[in-house]
Amino acid sequence: MYKIVKKRQLNENVVLMEIEAPFVAKKALAGQFIILRVDEYGERIPLTVADYDHEKGTVTIIFQIVGATTKLLSTLNEGDCLKDFAGPLGKATELDGVKKACVIGGGVGCAIAYPSAKALFNNGAQVDVIAGFRNKDIVILEEEFRAVSHNLYITTDDGSYGEKGFVTDKLKALIEAGNQYDLVLAIGPVPMMKFVSKTTEPYGIKTLVSLNPIMIDGSGMCGGCRVNVGGEIKFACVDGPDFDGHQVNFDELMRRNSAYKEQEAHSRENCRLYRKEAE
Amino acid sequence: MPNMSLKKVPMPEQAADVRNKNFEEVAKGYTAEMAVEEATRCLNCKNKPCVGGCPVNVHIPDFIAKVATGEFEEAYRIITSTNGLPAVCGRVCPQESQCEGKCVRGIKGEPVGIGRLERFCADYHMANSSEKAEKPQSNGKKVAVVGAGPSGLTCAGDLAKKGYEVTVFEAFHTAGGVLVYGIPQFRLPKEIVAKEVKNLEDLGVEIKTNMIIGKTLSVDELFEMGYKAVFIGSGAGLPSFMGIEGEDLIGVYSANEYLTRTNLMKAYRDEYDTPIIKSKTVAVVGGGNVAMDAARCAKRLGAETVYIVYRRGLEEMPARKEEIHHAMEEGVIFRNLNNPVKIIGDENGRVKAMECVEMELGEPDDSGRRRPVVKENSNFTLDVDTVIMAIGTSPNPLIRSTTKGLETNRRGCLVVNEETMQTTREGVYAGGDAVTGAATVILAMGAGKQAAKAIDEYLGDK
Ligand SMILES: Cc1cc2nc3c(=O)[nH]c(=O)nc-3n(C[C@H](O)[C@H](O)[C@H](O)COP(=O)(O)OP(=O)(O)OC[C@H]3O[C@@H](n4cnc5c(N)ncnc54)[C@H](O)[C@@H]3O)c2cc1C
Ligand SMILES: Cc1cc2nc3c(=O)[nH]c(=O)nc-3n(C[C@H](O)[C@H](O)[C@H](O)COP(=O)(O)OP(=O)(O)OC[C@H]3O[C@@H](n4cnc5c(N)ncnc54)[C@H](O)[C@@H]3O)c2cc1C
Ligand code: SF4
Ligand code: FES
């Protein structure tokens with residue numbers, strides 16, 4: 001069992017948890033993820049390692065409540081335990097040799113991007129961060145990002161905080177202003193990653209995106225996480241989750257992620273929790 | 001006088017049109033009377049051909065003689081002196097090509113129902129004995145086993161009995177390997193696997209789940225932690241796809257994913273959250289046990305029509321005869337000598353049909369089976385909403401790519417010394433599907449046994 005030692009609500013829909021998992025904490029690197037199961041009846045869901053503490057043996061996860069499992073997870077409190085917590089999985093983000101990077105997070109994707117920004121910053125790279133949100137109320141990790149970046153730009157779709165506009169607008173402006181990035185790392189909703197990749201392509205800037213297909217085992221045995229990169233089939237859990245944004249077939253990924261849409265909606269309605277609430 | 005009936009005592013089974021809607025066990029098992037009656041068909045042959053057909057040399061006529069006289073516990077003891085998982089083997093071994101394939105009674109009529117009797121003894125013991133395995137005196141030496149499938153569990157059990165401190169590291173959240181994620185409940189109830197695992201724990205084996213060796217810990221780190229030898233029984237879990245157009249559509253599964261969702265994650269039970277596509281018409285591509293299991297699960301999950309699409313003939317199918325027979329009874333439609341060439345999707349990217357070609361059998365190939373060749377202009381489409389690829393698996397590269405000094409062959413299988421099961425690295429042993437590629441439960445167990453013996457010899461003077 002894996003104990004929750006800290007829980008913090010970052011915004012209405014995003015929760016941070018620090019979990020006791022010494023083996024995972026010892027090995028985790030930026031860009032890797034874990035797979036957890038809340039209880040015996042639960043699904044296995046992947047979440048990125050948002051931070052880790054080798055000494056304390058803890059791993060931080062930050063998740064958005066989007067469906068049955070994340071809802072169930074969000075009801076647990078400090079002192080409660082998770083049934084399963086396996087990792088670290090996937091390849092670490094390749095950050096070696098990067099001198100100047102632009103790290104872009106969209107919404108809860110900021111949580112996934114944060115450890116890479118931190119690793120780059122600690123490696124001595126020049127780090128610009130663009131964090132995009134729909135509006136002011138859901139801004140997360142501002143302080144954390146400020147501490148690991150040279151420039152932090154926050155954008156909101158409605159202009160209620162930071163600059164009004166999309167992350168791609170800001171990125172384009174920064175590139176046009178003469179910033180020479182040798183890496184752009186974009187993590188967030190699939191359309192956002194698609195458009196960031198489109199933005200950087202004409203400039204030939206290396207762009208990494210972190211893909212989030214549906215996973216089960218996370219170790220290469222089911223093939224459910226397969227994605228099309230450069231016309232080849234890759235298993236995101238072992239070959240990724242980071243891939244070259246200029247090679248990824250984003251449309252296919254969006255389609256595959258909707259595989260269980262009806263059942264997810266159904267399980268939100270009939271979820272054990274919602275059922276309990278109704279009783 | 002032996003019972004000269006040419007037929008085995010029939011196995012009580014759930015009726016086909018009942019069982020294809022539930023996940024309960026198909027074959028219900030012999031009663032004591034049936035077991036005694038079947039046991040009296042054995043001739044107690046002097047040269048014991050059946051034993052030669054058994055990869056772990058169960059003393060077959062000896063145990064059957066005990067069944068015949070009603071000494072079931074004694075029969076169980078004889079079986080378990082060479083086979084640690086009889087309740088599993090009695091259910092899933094391909095007896096027709098092993099012990100029963102060699103049985104003298106099979107020359108004229110049906111062979112003795114050795115598998116059924118083995119299962120009976122194991123079930124009898126489980127139901128009637130409260131005896132708990134005792135942890136033997138420790139010899140203080142630690143051994144790590146990677147993978148809790150039949151090979152790893154057998155190796156762990158044998159070493160624990162010799163006093164080793166054994167830890168099994170399993171990637172999944174439950175121990176059992178293919179026995180829990182692949183083979184369905186209706187063929188092998190998971191409660192049985194759980195009991196076998198519990199027995200090992202009583203023997204002092206520690207099972208650590210959620211430990212992916214190569215990720216959570218490396219083989220080198222296991223040695224640093226004080227393990228003196230490592231056994232790798234990580235199986236052959238990497239699924240193959242055909243590489244045809246349309247495999248990325250929604251509704252195309254590897255058999256591994258489909259079976260894992262169903263068996264390990266229990267998508268068929270309401271109280272579990274696991275989603276699975278509700279299919280109407282399913283095509284399963286392949287002709288092995290895996291294909292049969294996927295097809296029979298699909299039927300039970302409510303599909304109206306389930307096809308097996310296999311490029312060779314019925315005779316050439318590698319699945320166990322019994323599984324093919326059961327699948328047919330349950331209404332699975334066999335499309336032999338058919339091969340898919342393309343999967344076709346609708347505007348939402350969901351499967352709507354599969355284009356196939358007809359095949360005919362030509363000259364024998366390397367495997368000795370006649371090679372299927374495409375018939376010109378024989379293309380046709382099957383309307384399906386789900387396609388399950390059950391065309392084979394190979395060993396996962398995770399361990400070999402993170403461990404120095406482990407040689408593999410062309411197919412990614414670990415190279416071992418066939419006597420000792422030692423890999424190309426000292427202190428590291430391997431067995432089961434990780435070495436042979438997808439094979440059988442009993443061969444995996446045999447390999448685990450052999451390795452346990454070799455590890456004991458290796459560590460004996462350390
Ligand atoms: C490598 C990786 C890292 C991730 N990291 C984070 C993270 O740090 N924070 C975060 O909030 N989210 C992260 N996600 C997404 C997260 O896994 C899903 O939001 C979660 O599984 C939703 O489960 P649910 O039952 O609550 O919602 P559901 O209602 O079941 O699904 C909502 C959406 O989540 C996706 N999803 C459902 N089940 C799975 C699954 N088993 N595997 C992957 N996606 C699934 C579906 O595409 C669906 O659109 C990550 C995904 C991947 C693949
Ligand atoms: C659907 C299906 C039906 C079958 N039907 C039959 C049948 O009827 N009769 C028969 O004899 N055989 C059958 N087989 C074949 C048989 O199940 C296998 O040959 C046998 O299970 C192999 O045993 P194993 O111990 O080598 O590996 P597995 O049973 O595959 O176990 C390997 C274990 O190692 C774990 N693992 C893998 N990588 C790692 C890692 N890096 N770290 C930690 N753990 C790891 C896996 O999660 C798994 O639990 C079937 C196979 C399948 C898939
Ligand atoms: S070959 Fe058949 S009849 Fe002879 S001992 Fe073995 S099981 Fe009995
Ligand atoms: S999650 Fe199963 S292969 Fe990637």
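The values are calculated or read from the model by the stated rules, or taken from the named source; none is laboratory data. Since this is a predicted model, take the numbers as computed values, not measurements. Counting neighbours? That spans all protein chains shown, and the Cβs are built from the backbone with ideal geometry, glycine included. All accessible areas refer to the heavy atoms of the entire protein, side chains included, with ligands and DNA or RNA removed. Shrake-Rupley method; radii C 1.70, N 1.55, O 1.52, S 1.80 Å.
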>> Averaged across A:220-231, how many Cβ atoms of other chains sit within 10 Å of each residue's Cβ atom?
In response: 6
> Going down the list A:Lys164/A:Lys198; A:Lys71/B:Lys342; A:Lys26/B:Lys404; A:Lys99/A:Lys170, which pairs span over 29 Å between their C-alpha atoms?
Replying inline: A:Lys71/B:Lys342
> Between the DSSP loop rule and a limit of at most 11 other Cβ atoms within 10 Å, which trypsin sites (Lys or Arg not before Pro) in the stretch B:334-409 are left?
Replying inline: B:Lys404
>> Can you return the aspartates and glutamates within cross-link range of B:Lys208? Criterion is Cα-Cα under 13 Å, with same-chain partners fewer than 8 residues away left out.
In response: A:Asp84, B:Glu170
> aspartates and glutamates near B:Lys48 by alpha-carbon distance under 13 Å, same-chain residues fewer than 8 away left out - which ones?
Replying inline: B:Asp62, B:Glu100
> Rule-of-thumb check for the protein assembly as shown: C-alpha Rg over 2.2 N^0.38 Å?
Replying inline: 1.02
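Report the relative contact order of chain B, percent, no decimals, based on alpha-carbon pairs under 8 angstrom and at least 6 residues apart.
15 percent
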> Of B:Phe231, B:Asn263, B:Gly243, which is farthest on the positive side of the dipole of the stretch B:128-277, counting Cα position, with +1 on Lys and Arg Cβ, -1 on Asp and Glu Cβ, and the Cα centre as origin?
Replying inline: B:Phe231
> From the phi of every residue in the stretch B:274-286, what ³J(HN,Hα) in whole Hz does the Karplus formula 6.51 cos²θ - 1.76 cosθ + 1.60 yield, where θ is phi - 60° and glycine or proline is x?
Replying inline: 4, x, 8, 5, 7, 9, 9, 10, 10, 10, 9, 9, x
> Of B:Lys102/B:Lys449; A:Lys91/A:Lys234; B:Lys66/B:Lys102; A:Lys6/B:Lys215, which pairs sit farther than 18 Å apart, going by alpha carbon to alpha carbon?
Replying inline: B:Lys102/B:Lys449; B:Lys66/B:Lys102; A:Lys6/B:Lys215
> Can you give me the Cα centroid spacing of the stretch B:399-462 and the stretch A:173-237 in angstrom?
Replying inline: 38 Å
> Roughly speaking, what is the centre-to-centre gap between the stretch B:246-278 and the stretch B:92-127 when only Cα atoms are used, to the nearest Å?
Replying inline: 33 Å
>> Ignoring solvent entirely, what values of log10 I(q)/I(0) come out of the Debye formula for chain B at 0.06, 0.07, 0.09, 0.11 Å⁻¹ when each Cα is a single scatterer?
In response: -0.27, -0.38, -0.63, -0.94
> If one takes the longest principal axis of the Cα atoms in chain A, at what angle in degrees, from 0 to 90 and to the nearest 10, does the Cα axis of helix A:190-200 lie?
Replying inline: 20 degrees
> Looking at the stretch B:168-216, which residues lose a minimum of 40 Å² of accessible area between their chain alone and all protein chains in place, measuring with a 1.4 Å probe and not counting ligands or nucleic acids?
Replying inline: B:Phe172, B:His173, B:Asn210, B:Ile212, B:Lys215, B:Thr216
> Mind listing which GluC sites (Glu not before Pro) in the stretch B:356-462 are in a DSSP loop and have 16 or fewer other Cβ atoms within 10 Å?
Replying inline: B:Glu376, B:Glu407, B:Glu418, B:Glu419, B:Glu426
>> How large a share of the accessible area of the protein assembly as shown, in percent, is made up of carbon and sulfur atoms when the probe is 1.4 Å and the other protein chains stay in place?
In response: 49 percent
> What 222 nm value per residue comes from the helices of chain A, counting each DSSP H run with n ≥ 4 as -39,500 (n - 2.57) and dividing by all residues, nearest 500 deg cm²/dmol?
Replying inline: -8000 deg cm²/dmol
> On average, how much area does the Cα convex hull of the stretch B:287-441 cover when viewed from any direction, in nm²?
Replying inline: 12.6 nm²
> Cα to Cα, under 16 Å, and not fewer than 8 places away if on the same chain: which lysines meet these conditions relative to B:Lys453?
Replying inline: B:Lys141, B:Lys142, B:Lys161, B:Lys162, B:Lys228, B:Lys462
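For the A and B pair, go ahead and give the buried accessible area with a 1.4 Å probe, both sides summed, in Å² to 100.
Roughly 3600 Å² of accessible surface disappears when A and B pair.
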> Which trypsin sites (Lys or Arg not before Pro) from the stretch B:128-232 combine a DSSP loop assignment with at most 13 other Cβ atoms within 10 Å?
Replying inline: B:Lys132
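Considering only the protein assembly as shown, what is the antiparallel percent among its DSSP beta bridges, to the nearest 5?
50 percent
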